[in-house]
Amino acid sequence: IFTWHGATIEMDGGADTSDYVADETPMISYVNVHAVLEARRNRAKASSSSDSDSSQGPRVIVVGPTDSGKSTLSRMLLSWAAKQGWKPTFVDLDVGQGSITIPGCIAATPIEMPIDPVEGIPLEMPLVYFYGHITPSINLELYKVLVKELAQTLERQFAGNAESRAAGMVINTMGWIEGVGYELLLHAIDTFNADVVLVLGQEKLCSMLKDVLKNKLKVDVVKLQKSGGVVSRTPRYRQKSRGHRIREYFYGLANDLSPHSNVANFSDLSVYRIGGGPQAPRSALPIGAEPTADPTRVVAVNISQDLLHLVLAVSFAKEP
């Protein structure tokens, strides 16, 4: 808990609850980042051009390892911007947890008011792409396709809305920052044309990004200290958190929704998987050849016990 002006806190937990007052806090640096972003938004709003870079507000992408406070920082920057009257766009690329909707999706939504710490992000107009897995490693190419499609859709929206364009966006990413995960971060930075990269708690990652992005003069890479309040979560805790998010989606935050079951014949349903399937490794291909598998290829799935307790997306397409 952080407060600028002091607060009275009531704690319930008995003797097992331990509390302390930290001597250092990264909040000053976070607020300084907000001030810089606010200045960029004002410059973008003052610009009379609708198609130049000067009318584009800040596009911030928050990166860092697992349990570094990326989601929390994203929410703070969005809430502070909303308090100033802006409507920035929140983009969530973390399919493992899901800040906007259920895990297994990437999504974007405008933030019109400070985010409530209990109710979370309002789901009035979310733009959601269903990926279907909790890690991009299951189908890397499909993940890239969805990220690109999400970015292109937002670009079209910004082209017709000067207010949203000037407000910019804040992009939350996953905690996979090594190997292929690092490549996916670079792909997201390039696809969304991010001009501010905030690196939390990872000096090596910051150095690598500064080196690879040094030729992009309009991209600023900023290292920020991880908050001392960040808690490491176990795999079991993450699994429970995903289950809670899914239940919240169907039943509502206060159990105010009433989902019900429908019975359908197997003959009336068609289940498909997008992408995936066997693919020859690069080592088995001729020299210079690239894999030709289509990441958006639709593959029929047999209805069986394997589909029990899985979350599927409903498509409105008339044919596969």
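What follows is calculated from the coordinates using simple rules that are stated; it is not laboratory data. These numbers come from a predicted model, not from an experiment. Quick reminder, even Gly has a Cβ in these numbers, built from the backbone with ideal geometry, and neighbours come from all protein chains shown.
Expressed in units of 2.2 N^0.38 Å, where N is the residue count, the Cα radius of gyration of the chain is 1.09. Take every pair of alpha-carbon atoms less than 8 Å apart whose residues are at least six positions apart; their mean separation over the length of the stretch 35-141 yields a relative contact order of 18 percent. With contacts taken as Cα pairs under 8 Å and at least 6 residues apart, the chain reaches a relative contact order of 20 percent. Here's how it looks for VAL221: its modeled amide H is under 5 Å from those of VAL197, which are all 5 or more places away or on a different chain.
Of the trypsin sites (Lys or Arg not before Pro) found in the stretch 201-281, those in coil by DSSP whose Cβ has at most 12 other Cβ atoms within 10 Å are LYS214, LYS218. Rounded to the nearest 500, the 222 nm mean residue ellipticity of the chain from helices alone is -10000 deg cm²/dmol, with -39,500 (n - 2.57) taken per DSSP H run of at least 4 residues. Amide H contacts under 5 Å for TYR272: VAL301, restricted to partners 5 or more places along the chain or on a different chain, H placed in the peptide plane at 1.01 Å from N.
What is the dipole size for the chain, taken about its Cα centre, with +1 at each Lys and Arg Cβ and -1 at each Asp and Glu Cβ, in debye to the nearest 20? Computed charge dipole of the chain: roughly 620 debye. Simple rule: put +1 on each Lys or Arg Cβ and -1 on each Asp or Glu Cβ in the chain, find the dipole, and look at LEU37, ILE111, PRO295; the Cα lying farthest toward the positive end is PRO295.
What helices does the chain have that are whole DSSP H segments, at least 15 Å long along their own axis by Cα, and with mean Kyte-Doolittle hydropathy of -1.0 or more? Could you put the intermediate results ahead of the total?
On the way: long enough: 27-46 (28 Å, -0.16); 70-83 (20 Å, 0.04); 140-159 (29 Å, 0.10); 180-191 (16 Å, 0.78); 235-251 (24 Å, -2.12).
The qualifying helices are 27-46, 70-83, 140-159, 180-191.
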